[in-house]
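*Asks:* A single structure is presented below for examination.
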Amino acid sequence: MSDVLVIGVGIAGILVGVAAGFWLPPHGRRVARNGPRPVRRILLPFTGQGISRRAFEAAVRLAKAENATIMPAFLARVPRQLPLDSPMPAQCSDGMPLLETIEQRVASQGISVDSRVARGRTYRDALRRLLAEEDFDRVIVSATTSPNNGLTSDDLEWLLERVPAEVLILRPAPTDAQRIEAASVNGHF
């Protein structure tokens with residue numbers, strides 16, 4: 001009899017919650033009924049030794065405003081003749097110091113940071129693999145005018161068409177050459 005009472009009270013509680021128009025998800029926060037979902041993870045992918053200062057600053061401003069985590073991701077290309085998990089010392093010597101620089105600058109502003117390294121046969125493949133493994137609420141990409149450095153216009157088009165998240169593509173003005181470079185790292189590099 002007591003089991004039936006407990007089940008009945010549980011069902012009544014659920015019905016009251018549904019009637020009130022809200023539910024409590026497992027993390028304990030109340031979900032807004034008709035409001036936008038809060039942004040919690042902002043992906044900031046990069047491919048080389050530098051990243052546009054404008055893209056970085058946009059990610060920082062949005063993360064502060066939305067209490068989000070910035071997730072910088074170094075995209076590494078692995079040649080087709082090598083296994084995907086092969087060591088890539090030359091690429092890592094370029095990308096890892098920049099990843100460290102971004103981590104330090106983000107953390108110094110009181111923003112949560114959670115870095116990634118994604119491998120693929122192309123930059124798009126590395127980004128696709130990363131997006132398949134994890135969920136992001138927003139992706140901020142720095143566009144480049146150089147076809148040999150970074151994501152191509154086809155990659156950016158793919159990103160806009162296929163990624164189930166907000167995508168912000170920033171291309172600084174041609175006269176704006178401000179970049180965050182790996183040379184500014186403070187620490188063990």
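The values are calculated or read from the model by the stated rules, or taken from the named source; none is laboratory data. On a predicted model such as this, the values are computed, not experimentally measured, just so you know. Glycine also receives a Cβ, built like all others from the backbone with ideal geometry; neighbour counts cover every protein chain displayed.
*Asks:* Determine which member of the set Asp85, Asp94 is assigned by TED's automatic domain parsing to the domain that holds Leu43, among the acidic types (Asp, Glu) and over 14 Å from Gly50 (Cβ atoms). Outline the logic, then answer.
*Replies:* Values: Asp94 fails: over 14 Å from Gly50 (Cβ atoms).
Going through Asp85, Asp94 in turn, the sole match is Asp85.
*Asks:* Hey, any hits in the range 40-57 for a residue that's touching a residue at least 60 places away in the same chain (Cβ under 8 Å), crowded, with 17+ Cβ neighbours inside 10 Å, part of a helix (DSSP H, G or I) and not basic (Lys, Arg)?
*Replies:* yes
*Asks:* Would you confirm, using the coordinates I've provided, whether Met71 is at pLDDT 95 or above and either assigned by TED's automatic domain parsing to the domain that holds Arg41 or surrounded by 15 or more Cβ atoms within 10 Å (Cβ to Cβ) (or both)?
*Replies:* Values: at pLDDT 95 or above: yes; either assigned by TED's automatic domain parsing to the domain that holds Arg41 or surrounded by 15 or more Cβ atoms within 10 Å (Cβ to Cβ) (or both): yes.
Here the answer is yes, as Met71 does meet what is asked.
*Asks:* Inside the range 47-68, can you point out the residues that are at pLDDT below 90 and touching a strand residue (DSSP E or B) at 6+ places or on another chain (Cβ under 7 Å)? Write out each step before concluding.
*Replies:* Initial filter on the range 47-68 (at pLDDT below 90): 47-55.
The answer is Thr47, Gln49, Gly50, Ile51, Ser52, Arg53, Arg54, Ala55.
*Asks:* Now for a separate question. Could you tell me whether Arg119 is part of a strand (DSSP E or B), touching a residue at least 24 places away in the same chain (Cβ under 8 Å), over 23 Å from Ala63 (Cβ atoms) and assigned by TED's automatic domain parsing to the domain that holds Ala73? Steps first, answer last, please.
*Replies:* Details: part of a strand (DSSP E or B): yes; touching a residue at least 24 places away in the same chain (Cβ under 8 Å): yes; over 23 Å from Ala63 (Cβ atoms): yes; assigned by TED's automatic domain parsing to the domain that holds Ala73: yes.
Yes, satisfied.
*Asks:* Quick check: anything in the range 125-147 at pLDDT 90 or above and farther than 25 Å from Val60 by Cα?
*Replies:* Scanning the range 125-147 turns up at least one residue that is at pLDDT 90 or above and farther than 25 Å from Val60 by Cα.
*Asks:* Follow-up question, since we're still on this one. Could you check Leu82 against (1) part of a helix (DSSP H, G or I); (2) without any contact (Cβ under 8 Å) to a residue 24 or more places away in the chain and say which number it fails?
*Replies:* (1)
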